[in-house]
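The structure under discussion appears below in the form of structure tokens.
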Amino acid sequence: MEAIPPDSGKPVFRFAPSPNGRLHLGHALSALSNEAMARKLGGRLLLRIEDIDLARCRPEFVDGLMEDLAWLGIAFEPEVRRQSQHFDDYERALTALQERGLIYPCFCSRQEVRADVAAREAETGQSWPRDPDGAPLYSGRCRWLDPGEAAQRVAAGEAHVLRLDMARAIAAVGTGLSYAVFDSGGSRHEVTAAPERWGDVVLARKDVPTSYHLSVVVDDALQGVTHVVRGRDLEAATDIHVLLQCLLGLPTPLYHFHRLLLDDDGRKLAKSRQSESLAELRAAGTSAAAVRRQLGFG
């Protein structure tokens, strides 16, 4: 897979929301952070719609986020990448990993994974390892399936996901995996990546032929993104992205992780918790200028 070089050597930033609900102040903070850093560095600012989940992403939410971003006054380059129109790109990346024996089909349901972990914890009396998001690591039951049997089950249409064989992937790239983080002042420091703490992550599902981890890595490369600015909640996931970039021969951007906005209970703002949307703020008479000032961009 060949990455697209940035135009004229300019830094390239992107804001990449998912249209599975209306944008809230946390999204505004991320979009405005990208805008401010792109302006400061004389870079380009792209908009990407991350709509791989066709069941939850709806056209009205795409229209809504475009309306919200226009209301905030953020100017993106005209061409918008829609992930749902580029499944072929992600399939090629999966094929490249599959040809190296780095992914395998897993037929375990979420319920079976939970039951397997519970049984192991009961047997050992110890807690099973968790990933940075708190989910138990996959036990690896399907990792040792006979390849012929696995292929037959896939061909028969049995529900499955495709997992990255983390041990093989790390062995393929070696030790010392790292990436650079930059701050608003322009200084950088190196961070050591530890993708093994995520275990055998899912890279695709039967109903969704890619994942956030895979598609974001492919898109950043194909769009020539040089600077990724996103919330601290995605800092740990960057370990997976850097590993995939190395495996696929893709460039690793510079990263910046901005602060998160929290609700009264100390939880980050989220669509799933019906955090107040920008549309609701606008309907209540809040101006875009007031939002910018509130978030420190006045």
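From the list Ala119, Ala70, Ala96, the lone residue that is modelled with pLDDT of 95 or more and farther than 30 Å from Ala283 by Cα is Ala96. Residues that are closer than 19 Å to Trp144 by Cβ and not small (Gly, Ala, Ser) occur at least once in the range 79-99. The criterion of being out of contact with any Phe, Trp or Tyr (no Cβ under 8 Å at 6 or more places or on another chain) and surrounded by 17 or more Cβ atoms within 10 Å (Cβ to Cβ) holds for Ser275.
Rundown of residues vs (1) in contact with an Asp or Glu (Cβ under 6 Å, 6 or more places away or on another chain); (2) more than 30 Å from Gly157 (Cα to Cα); (3) touching a residue at least 12 places away in the same chain (Cβ under 8 Å); (4) of a type outside the set (S, T, N, Q), yes/no style:
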| residue | (1), (2), (3), (4) |
| --- | --- |
| Thr210 | no, no, yes, no |
| His213 | no, no, yes, yes |
| Arg230 | no, yes, yes, yes |
| Thr238 | no, yes, yes, no |
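All conditions in (1) small (Gly, Ala, Ser); (2) without any contact (Cβ under 8 Å) to a residue 40 or more places away in the chain; (3) surrounded by 13 or more Cβ atoms within 10 Å (Cβ to Cβ); (4) farther than 18 Å from Pro195 by Cα hold for Ala118, with the sole exception of (3). Residue under question is Ile74, and the condition is that it be crowded, with 21+ Cβ neighbours inside 10 Å, over 17 Å from His256 (Cα atoms) and β-branched (Val, Ile, Thr); does it hold? Answer is no for this residue.
Taking the condition modelled with pLDDT of 95 or more, buried (at least 20 other Cβ atoms within 10 Å of the Cβ) and under 23 Å from Leu261 (Cβ atoms), does Met37 pass? Judged against the criteria, Met37 is a match. Before we move on, is Arg205 surrounded by 15 or more Cβ atoms within 10 Å (Cβ to Cβ), within 16 Å of Gly101 (Cα to Cα) and out of contact with any helix residue (DSSP H, G or I) (no Cβ under 9 Å at 6 or more places or on another chain)? Criteria not met by Arg205.
Can we say Gly249 is of a type in the set (Gly, Ala, Ser), without any contact (Cβ under 8 Å) to a residue 24 or more places away in the chain and loosely packed, with under 14 Cβ neighbours inside 10 Å? So that I can check it myself, show each step before the final result.
Values: of a type in the set (Gly, Ala, Ser): yes; without any contact (Cβ under 8 Å) to a residue 24 or more places away in the chain: no; loosely packed, with under 14 Cβ neighbours inside 10 Å: yes.
In short, no.
Being closer than 19 Å to Thr238 by Cα, of a type in the set (D, E, K, R) and in contact with a helix residue (DSSP H, G or I) (Cβ under 8 Å, 6 or more places away or on another chain) is a property that Arg163 has. Do we have Arg130 as within 21 Å of the chain's Cα centre (by Cα) and of a type outside the set (Ser, Thr, Tyr) here? Against the criterion (within 21 Å of the chain's Cα centre (by Cα) and of a type outside the set (Ser, Thr, Tyr)), Arg130 qualifies.
The values are calculated or read from the model by the stated rules, or taken from the named source; none is laboratory data. Quick caveat, the model's predicted, so the values are computed rather than measured. Cβ atoms come from the backbone with ideal geometry, glycine included; neighbour counts cover every protein chain shown.
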